[in-house]
């Protein structure tokens, strides 16, 4: 019998702790953590994500600033806004919602953010810290997954972990975080030969490729822990992950659902990173 990893429950517990920490700061006459989110253009999914982040900030008692810019915003304008936020003591975290319009280079924009305010952990300085295992901001989705594993008593040490997907946002940092917990990690991708033979080795299988129901039972080891990062729509326009949940779940020991698994943890980790930044800025 498998256990469903309830991301909503774990997220709610973590957010309550964040709210309490914010109240304690205010009682000590310290400023509330401040998060600024910049969104360029009208991408519907991005608009939803930004609204969710804004609501989460307000619920946590944070200072929230959302800057909405038109699709044709020039790079110079965007960078000047980031400069202002870098200097603003009320802002502890800066997030630029991706993807950006094609005429804007994400690498250039992210590099402009003060690494001490890069709560998404995308800046090369923070990526380097992740590689070295140094303390700092953890990338939100991979760190949220590590929180879920810990909450359910799943210890990666000595386990074989297979990550499906090598993106800079999830796959690569996920592999690093698992390595730091002493897992033996394999990263697979579109050029991997005989992918099912690799995924079947996994004690912990983490899937982040953006293909609906891609992982089927024949690709999963009996009793594996399966973490589904995907967020897709199936043939009936219903939300689903990269894993065929109904078919795969009976083979697992633990599995995350979509929605309600990894998703809630991403914004929660963003809040935790912003709180961490605020504490550093207050000398705590």
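The values are calculated or read from the model by the stated rules, or taken from the named source; none is laboratory data. Keep in mind it's a predicted model, so treat the numbers as computed, not measured. Methodologically, a virtual Cβ is constructed for each residue, glycine included, from the backbone with ideal geometry; neighbour enumeration extends over all protein chains shown.
Some notes on this structure:
- One residue stands out in the stretch 210-228 among those that are touching a strand residue (DSSP E or B) at 6+ places or on another chain (Cβ under 6 Å) and under 9 Å from residue 252 (Cβ atoms): the one that is surrounded by the most Cβ atoms within 10 Å (Cβ to Cβ), namely 226.
- Residues in the stretch 99-111 that are free of Cβ contacts under 8 Å to residues at least 60 places away in the same chain and surrounded by fewer than 17 Cβ atoms within 10 Å (Cβ to Cβ) were compared, and the one that is farthest from residue 168 (Cα to Cα) is 103.
- All positions within the stretch 173-201 that are in contact with a helix residue (DSSP H, G or I) (Cβ under 9 Å, 6 or more places away or on another chain), over 30 Å from residue 123 (Cα atoms) and part of a loop (DSSP other than H, G, I, E, B): 200
- Breaking point among (1) modelled with pLDDT under 95; (2) in a helix (DSSP H, G or I), for residue 237: (2)
- Selection status of residue 212, in a loop (DSSP other than H, G, I, E, B), within 24 Å of residue 6 (Cα to Cα) and either out of contact with any helix residue (DSSP H, G or I) (no Cβ under 8 Å at 6 or more places or on another chain) or at pLDDT below 95 (or both): yes
- Scanning the stretch 215-230 for residues that are in a strand (DSSP E or B), over 17 Å from residue 167 (Cα atoms) and free of Cβ contacts under 8 Å to residues at least 40 places away in the same chain returns 224, 226.
- Test set (1) surrounded by fewer than 16 Cβ atoms within 10 Å (Cβ to Cβ); (2) more than 15 Å from the chain's Cα centre (by Cα); (3) in contact (Cβ under 8 Å) with a residue 24 or more places away in the chain; (4) under 30 Å from residue 54 (Cα atoms) - residue 233 fails condition number: (3)
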